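Participant: Shown below is the structure under consideration.
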Amino acid sequence: MKTLCFVLILVLNFIAAAFAAGGDIERHPSCTYCGMDRGKFAHSRVLIEYDDGTSFGACSLHCAALDLANKIDKAPKTITVGDYQTKALIDAEKAVWVLGGKKAGVMTGNAKWAFAGKGAAEGFTKENGGAMATFDEAMKAAYEDMYRDTKQIRERRKMRRSQMPKGGQ
């Protein structure tokens with residue numbers, strides 16, 4: 001009977017965690033900075049919860065870095081990121097990050113992916129290249145890449161606008 005209760009509690013915890021993980025997309029369906037659909041980019045999304053009770057949902061570490069810089073007077077209480085494989089939110093500071101590689105990044109030319117475990121990150125690097133890193137190293141790379149990435153985003157958007165028919169339709 002104790003085993004059954006334990007299993008039931010464990011299952012309920014997993015169900016609750018699954019609902020909680022999806023709730024961030026309902027609260028923040030698109031990225032405020034770029035407009036990208038956070039559900040579509042669940043594998044790279046970031047959720048920042050600030051100490052004043054507010055939260056911000058980003059599509060990527062690039063846009064999360066923008067928000068952290070713009071809200072310099074707010075302290076982040078928690079930062080979670082979508083696991084590249086499972087898309088579940090994981091603690092960004094405990095995640096194993098992979099920088100670079102042949103998979104195109106989200107909002108960046110230098111990809112930054114988070115994994116819940118070292119084994120998954122190692123498997124990814126064997127197949128796709130890149131280097132394992134800590135959260136601090138991933139954030140540093142996001143800030144170092146910011147100018148180049150922003151310039152590329154502007155150029156792509158300008159090109160898309162020039163290809164649109166007159167009248168914007």
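The values are calculated or read from the model by the stated rules, or taken from the named source; none is laboratory data. Given the structure is predicted, the values throughout are model-derived calculations rather than measurements. Ideal geometry is used to build each Cβ from the backbone, glycine not excepted, and the neighbour counts take in all protein chains shown.
Participant: The conditions are (1) at pLDDT below 95; (2) more than 19 Å from the chain's Cα centre (by Cα), and ALA20 fails exactly one of them. Which is it?
Facilitator: (2)
Participant: Still on this structure: Any residue at all in region 71-93 that is assigned to a helix (DSSP H, G or I), modelled with pLDDT of 95 or more and of a type in the set (Gly, Ala, Ser)?
Facilitator: no
Participant: Right, another one. Just the residues that are in contact with a Phe, Trp or Tyr (Cβ under 9 Å, 6 or more places away or on another chain), assigned to a loop (DSSP other than H, G, I, E, B) and among the aromatic types (Phe, Trp, Tyr), please, taken from region 39-67.
Facilitator: Once the filter is applied, which keeps residues that are in contact with a Phe, Trp or Tyr (Cβ under 9 Å, 6 or more places away or on another chain), assigned to a loop (DSSP other than H, G, I, E, B) and among the aromatic types (Phe, Trp, Tyr), region 39-67 yields nothing.
Participant: Condition first: within 19 Å of LYS94 (Cβ to Cβ) and surrounded by 14 or more Cβ atoms within 10 Å (Cβ to Cβ). Now tell me which residues in region 135-155 satisfy that.
Facilitator: PHE135, GLU137, ALA138, MET139, LYS140, ALA141, ALA142
Participant: Is there a residue in region 64-75 that is of a type in the set (Gly, Ala, Ser), surrounded by 14 or more Cβ atoms within 10 Å (Cβ to Cβ) and within 13 Å of the chain's Cα centre (by Cα)?
Facilitator: Scanning region 64-75, I find at least one residue that is of a type in the set (Gly, Ala, Ser), surrounded by 14 or more Cβ atoms within 10 Å (Cβ to Cβ) and within 13 Å of the chain's Cα centre (by Cα), so the answer is yes.
Participant: In the list GLY53, GLY57, GLY39, which residue meets the criterion of being over 21 Å from GLU144 (Cα atoms), surrounded by 21 or more Cβ atoms within 10 Å (Cβ to Cβ), modelled with pLDDT of 95 or more and of a type outside the set (D, E, K, R)?
Facilitator: Answer to the selection: GLY57.
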